[in-house]
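The structure under discussion appears below in the form of structure tokens.
The values are calculated or read from the model by the stated rules, or taken from the named source; none is laboratory data. Nothing here was measured: the structure is a model prediction, and the numbers come from that model. All Cβ positions, glycine included, derive from the backbone under ideal geometry; neighbour counts span all protein chains shown. Note: accessible area is taken over every heavy atom of the protein model, side chains too, but ligands, DNA and RNA are not part of it. Shrake-Rupley method; radii C 1.70, N 1.55, O 1.52, S 1.80 Å.
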Amino acid sequence: KNSNVMERAHNDGINIGYDSPEAFEEVIWRAFWPEKYIDKYIALWCRGDVSDEAKGFFINHFRKIVALRTKENGRYISKNNNNISRLDLLPEMFPDAQIVVPLRDPSEHCFSLLQQHRNFLEQHKNNPFTETYMRDIGHYEFGMLHKPFMFPSFSVNAGSPDEADYWLDYWICAYKMVLENATRVYLISHDKICNHPNAVMHTLCEHINLNPEGLDFSKHYRSIKKKDVQNLFDDRKLAKALELYHALLEFEI
């Protein structure tokens, strides 16, 4: 019996219930690399961090999930935003992994991050369970729990996460790393996937050797309207972010 669904805590129109998939695997990353989770930030994973013990555990975990969810050979899909901090490590630990990175206009992306941070600040203040739950499953993206990944050139003293430019600085540092790995990942446009979901998803399926026949992806996406939020950001920083954004679009599938 399916559970009743309700809008998730992000207030973004996505409904979830007790039977919805949840991103619990960060608990495993934290268990094998506790030293990465420092008080004020989270360190990146590098190629030299490969662990045979962790690899074996993850593979067994993935196989169990697939076996429970499918009747035939299936694939494990990880929707874990934190994997952006492991772009150097993932191909070493899982050579057959295929990594997909959505790419969104930086002003809109950073405005969304700012909104979510403020949203979870309020939720953590008013609902202690939300804070406890997010801490337990290793979700430190927003709110009182916020710990940035220590991307090269990013500083924990970069400013307050309650300011728009903080998230723009963070975006630039994160996506510089994505650009360095652009030939090892599949980049897809957030705008295009929202406005033309079937076309984009069919192209992605071709790249990752999946058969999309009979699947309608349009029910999972909403067309978007561009937000005029560029005036919230420092002009020079935004210009730098947009230059990086357009460089990344050159690798879009």
Collect residues whose amide H, placed 1.01 Å from N in the peptide plane, falls under 5 Å from the amide H of residue 101; neighbours closer than 5 in sequence don't count. 186, 187, 188
Rg in Å to one decimal, and Dmax rounded to a whole Å, for region 51-180 via C-alpha atoms: 17.1, 50
Could you tell me how far the Cα centroid of region 180-253 sits from the Cα centroid of region 28-48, in Å? 28
Kirkwood hydrodynamic radius over Cα pairs of the chain, then Stokes diffusion coefficient at 10 °C and 1.306 mPa s, in µm²/s: 80
Could I have the simple spin-label model distance between residue 18 and residue 81, label points 7 Å from Cα toward Cβ, reported in nm to one decimal? 2.7
Within the chain, what whole-number % of the accessible surface is contributed by carbon and sulfur, with the 1.4 Å probe and all protein chains included in the calculation? 51
Could you work out which residue, out of 110, 205, 173, moves most in a Gaussian network model of the chain, that is, has the largest mean-square fluctuation with Cα springs under 10 Å? 205
Among 203, 70, 183, residue whose mean-square fluctuation peaks in a GNM of the chain (springs only between Cα atoms under 10 Å): 70
For region 68-116 and region 144-168, write down the distance between their C-alpha centroids in whole Å. 20
Principal axis extents for region 104-253, Cα atoms only, whole Å, descending order, please. 46, 38, 30
Label 7 Å along Cα→Cβ of residue 71; region 190-234 residues with amide nitrogen under 20 Å? 211-216
Cα-Cα over 18 Å, subset of 192/226; 36/176; 192/219; 40/237: 36/176; 40/237
Which trypsin sites (Lys or Arg not before Pro) does region 143-235 hold that lie in a coil by DSSP with at most 10 other beta carbons within 10 Å? 225, 226
Roughly how compact is region 164-243, stated as its Cα Rg over 2.2 N^0.38 Å to two decimals? 1.37
I'd like to verify something in the chain: which complete DSSP H helices, judged by Cα projection on the helix axis, reach 18 Å or more and average at least -0.5 on the Kyte-Doolittle scale? 52-69, 164-180, 235-249
Multiply the residue gap between residue 55 and residue 38 by 0.36 nm, knock off their C-alpha separation, and tell me the result in nm, one decimal place. 3.9 nm
Taking every pair of alpha-carbon atoms in region 21-96, give the share separated by more than 13 Å as a whole percent. 71
Accessible area per residue, 1.4 Å probe, Å², for region 143-222: what's the number? 51
